[in-house]
């Protein structure tokens, strides 16, 4: 009986020792595999991150390239539009120059048959009731006039800057043009408008009366027809030359 117990005890001890040795062996053999697996997982994760980063940069690069292409296309369209506008402006300038040349070249064939003058208050470009009455008397002759143009010249006194007076004289002349065009249906091509500012005096600017006379718009009815019904001038209004 004691012998059997001893054998069993020995067997158990041997089994325990064998089991421990087996676990140690397995641990020794599998540890490198686990480490390699972990390394592979880490590398795979890093590779995935790198691929994602490369893909993001590639996508961003493609987007930037597309944006640059769109910008270049827009710039090209803008440049083309600007070129077209410049060409149109140049053509308009040539047309205006040709038209002006035609008018100026033909002025030698015109002669004055009537004139009128309206005067303005200081720094004013608005027609008064008296101004409109003078223009009405002048316009009464337009119905029988043939082949005519209206020379409308705006002027100022010597007060103020040269540039401002040019602009003011143009506004005064334009006020007369607008009135005659609107009330008497005078077509635009009949007007020859000039703003001379303070360049041409009709009286001395050293007196208030002289400055008042210089703040004027002169209107001349010009025709290239011979004598006839249009040879009588309009009555000279107050404040005229």
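The mean sequence separation of alpha-carbon pairs under 8 Å and at least six residues apart, normalised by the residue count of the stretch 109-231, gives a relative contact order of 45 percent.
Peptides 114-122, 207-215 ranked from most to least packed by the mean count of surrounding Cβ atoms within 10 Å: 114-122, 207-215. All C-alpha to C-alpha distances of the stretch 109-231, sorted into 5 Å bins beginning at zero, yield P(r) values of 2, 12, 22, 22, 18, 13, 7, 3, 1 percent in whole numbers.
Sorting 149, 219, 51 from the fewest to the most surrounding beta carbons within 10 angstrom yields 51, 149, 219. Divide the volume of the convex hull around the Cα atoms of the stretch 155-196 by the residue count and you get 57 Å³ per residue.
Read-outs throughout are calculated quantities, based only on the coordinates presented, and are distinct from any laboratory measurement. Because the structure is predicted, anything quoted here is derived from the model rather than measured. As a convention, Cβ positions derive from the backbone with ideal geometry for all residues, glycine included, and neighbour counts pool all protein chains shown.
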